[in-house]
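Participant: Structure in structure tokens, see below.
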Amino acid sequence: MPYVSEKIFSCTPENGFQRFSKNSHLHGTLNDLQLSFSIPSIDVIICPFAVAFIVIHVSYDEASKEDLAKAFRQFKEFKIKRSFTIEEKRYTSFEQFLKKELFAHLPYLAKNGAFQRFERFQDGVLLANHFIAASVEATNETLFQLNGGPGAFSLNEQLAPYVSPSYINRYVEEGELIRHSPTIRYIQAEESGVFWTSLSPKSTPYASLRRYFNGPLFYQVVIHYFQKIVLLSFSNAYAKIDWKKDAAFIRSLMKKMTLFEAQYDFRDISALKKSN
């Protein structure tokens, strides 16, 4: 990522993104699906402008696309009550696991809270990207279902199978990068993405794909949300200014906005997202 690597991997920690990783080797089960999964590692990425990301790597045992879609949804909607078992401990939601087992080791989050609402930002879901290797090529319907397209999980689940094929095709066309389709299919929506390949895991191109997914693509998604969160925080702060009383705060905010635009407003990220 030559266009942003100098900023992300800066030699001075205060100007770059700091990524801390820890092997966890946790194993668990989604009880209602009886689907086993593991959490091999957890990352914490500390960014400028008081933004941080917690990245939880999850791998699943072999499963049907229907069960995978439901599993993706269960982790994504982490506040909703569902039954998990992780290392023989039962949890009523993934949020409960995060608070008890992860945030307890992060003093700042334990003290100040990690699930505060953020105006004009999607609340109550985890952002998720999925890498799937299969022996068959993915259909548009599969991508739509795995990526949780609108209507894939209708409030009335009996209606979900009747989503119009033309609607599914339009959804996929709007979000898919088709450069290497159908061998490699990648669709990215606002809250999730699916990277599907039918290449053999033993092949050299497959290994390159995994490196790309865990490297440039991963950081591209992180930077996208970093930019969005920082800009929304500026917008929220700007909307609450008392122009007669907040002169010092206004100067501080304008300085932050100028620094952000000069150092971290990577136009290449938006351009790349639109490129097929």
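Participant: Under a crude label model (7 Å from the Cα following the beta-carbon direction), how far is I241 from S200 in nanometres?
Facilitator: 6.2 nm
Participant: Under the definition of Cα pairs under 8 Å and six or more residues apart, what whole-number percent is the relative contact order of segment 60-108?
Facilitator: On the way: 27 pairs, mean separation 10.7, N = 49.
RCO, segment 60-108: 22 percent.
Participant: Hey, what do the phi angles of segment 206-212 turn into as Karplus ³J(HN,Hα) couplings, whole Hz, using 6.51/-1.76/1.60 and θ = phi - 60°, x for Gly and Pro?
Facilitator: Computed from phi, the couplings for segment 206-212 are 4, 4, 5, 4, 4, 5, 5 Hz.
Participant: Same structure again: Using the Karplus curve 6.51 cos²θ - 1.76 cosθ + 1.60 with θ = phi - 60°, what ³J(HN,Hα) values do you get for each residue of segment 231-246, in whole Hz, with x for Gly and Pro?
Facilitator: Rounded to whole hertz, the list is 5, 5, 5, 4, 4, 5, 5, 5, 5, 9, 5, 9, 5, 8, 10, 9.
Any read-out appearing in this document is the output of simple, stated calculations on the displayed coordinates, not a laboratory observation. Bear in mind that the values here come from a model prediction, so they are computed numbers and not experimental data. Note that each Cβ is placed from the backbone with ideal geometry, even for glycine, and that neighbours are counted across all protein chains shown.
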